[in-house]
Amino acid sequence: MGRVRRRILAAVLAAALAAAPSAAVRADEETDAPMDQREIERQTAYAIPPDTNSLAGWPQGPSVYGDSAIVMDMDSGAIVYGKQIDKRHYPASITKLLTALVALENSQLTDEVLFSDDSVSFLEYGDAHIGMTPGEIISMEDAYYGMLLASANEVSYAVAENVGRLMGGDYNTFIQKMNDRSAELGCTGSHWMNANGLHDENHYTTAHDMALITSAVYQYDEYREVVQTLSHTIPPTNLVNESRTFQQNHKMLWPKNDNYYEYCTGGKTGYTDQARTTLVTTADNGNLRLAAVVLYDFGNDAYIDTRAMFDYVYNNFSKVMLADQETPEEIDAYSENDSYVLLPAGIEFGDLEKEIEITDEQSREGTVTYTYQGQNVGSAGVVLTKEYVMEQTGHDYTLQVKKEAAASDVKELPLALKIVIGIGTALVVLAILLAVYIWQVRRRRMLRRRQLRRRREMHESAVKRSEHRDKR
């Protein structure tokens, strides 16, 4: 009976949504709230200084209205601006960045996304959607646009449901993967209950965790192409004859918008009554690729805060190439020649401390993270010295060294000697084969002689018996 009721509700909702199928209904922007309460919250949050301002010699960053905020360099992992970055907040629709990451890692753009009753029936009045109906099918590529541009909640659910099946499970399989994947990225203050960010008391994250997730999904070309698009049209489907067109909701991408930022390369907006405004933005000025996150912010203030943070970083920080610095004694070499840390003027490389993590003792691979007064200013892959790895892990390289030496000796033989050895080996093999052949020929001849001798003896014996009978 419950299933029938859900189908009826889904059908009713689908009919209502289909009334304007080409328009995306949004709930990613803050609605009017009691002005006094909002202003008190704004001013209270604004009065909280950035934690990075307490670092000695660090340039003073701007005050922001967001309760939590961060700017992270996506290539080195350096955190150059931070305000309550580990405080838990509800993420709202920026959840969809993690949904996109898990989907990109476990599906193809050409996969089909089928909308079930469950993917539509949960929608309530005011939830962002693009009017999908049960039984409709779109491509995974179109689904990314619907999810990341229009912030469509039914699309996010359907993506999770369909990719979950590709993973051998269902919607809940996908949600578990979201939690597992965020933990793998180093997130420590997040827990995910759904794929769209609609409010749940147990669905939360931190500014730091969202910066890590953003840095991960930004590595995908498919993601970057989607989030930089200003408008997209989903063509008619198997059930709906009209196309659906919707626009980018991130204001910093629109050239004619007051919030336009020339270095912006995309991001994701979010809003619920409990989360307030949440905003993730990425920027690239040709030198640094940054991710900015603000949580529990207030409408347009989120864009003002983000611009102020980006300008602060671009104006005060620059790369210090690790290849130009003295290599620490624990490190043989950096894995990449262009590895760097991000520092402001007045702070030298010698002022930094380092933390080394061994990731593969056999190959001596690891990661070094440089910090300034506990603040991460950049990480890099490294090849560590044998002595350091042996000291830290007890790994014995003696046998490996002998094997490497033996392999090296073989590799270093002159070409002429290698040719002589090859010819000699071939001659030995041929000699052995020839010897075996001669032995087989001689053995056959010997057997043949024995057979002839035995026949003659049998013949002579028969003749003698015959002569003996004749004499009788």
When you check LEU123 against the structure, is it of a type outside the set (Val, Ile, Thr), outside any helix (DSSP H, G or I) and crowded, with 22+ Cβ neighbours inside 10 Å, yes or no? yes
Is it the case that some residue within segment 158-165 is over 23 Å from GLN247 (Cβ atoms), in contact with a strand residue (DSSP E or B) (Cβ under 7 Å, 6 or more places away or on another chain) and crowded, with 20+ Cβ neighbours inside 10 Å? yes
Is there a residue being part of a strand (DSSP E or B), surrounded by 19 or more Cβ atoms within 10 Å (Cβ to Cβ), in contact with an Asp or Glu (Cβ under 6 Å, 6 or more places away or on another chain) and modelled with pLDDT of 95 or more anywhere in segment 316-323? no
Residues that are under 28 Å from ALA45 (Cβ atoms) and under 20 Å from the mean Cα position of the chain (by Cα): does segment 132-153 have at least one? yes
Just to be sure I understand the filter: pairs with C-beta atoms under 7 Å, separated by 6 or more residues or on different chains, first member in segment 106-123 and in contact (Cβ under 8 Å) with a residue 60 or more places away in the chain, second member surrounded by fewer than 24 Cβ atoms within 10 Å (Cβ to Cβ) and assigned to a loop (DSSP other than H, G, I, E, B). Which pairs pass? ASN106/MET167; ASP117/PRO134; VAL120/THR133; VAL120/PRO134
Within segment 109-120, work out how many residues are assigned to a helix (DSSP H, G or I), of a type outside the set (Val, Ile, Thr) and crowded, with 17+ Cβ neighbours inside 10 Å. 1
Here is a check on your reading of the model: is GLY135 surrounded by fewer than 24 Cβ atoms within 10 Å (Cβ to Cβ), small (Gly, Ala, Ser), touching a Leu at 6+ places or on another chain (Cβ under 9 Å) and at positive phi? yes
Take the conditions in contact with a Lys or Arg (Cβ under 7 Å, 6 or more places away or on another chain) and either assigned to a strand (DSSP E or B) or of a type in the set (A, V, I, L, M) (or both) and apply them to LEU342. Does it pass? yes
Counting just the residues of segment 212-248 that are among the acidic types (Asp, Glu) and more than 20 Å from PRO134 (Cα to Cα), which one comes out surrounded by the fewest Cβ atoms within 10 Å (Cβ to Cβ)? ASP221
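The values are calculated or read from the model by the stated rules, or taken from the named source; none is laboratory data. What you see is a predicted model, and the numbers here were worked out from it, not measured in a lab. With ideal geometry, Cβ positions are generated from the backbone for all residues, glycine too; neighbour counts draw on all protein chains shown.
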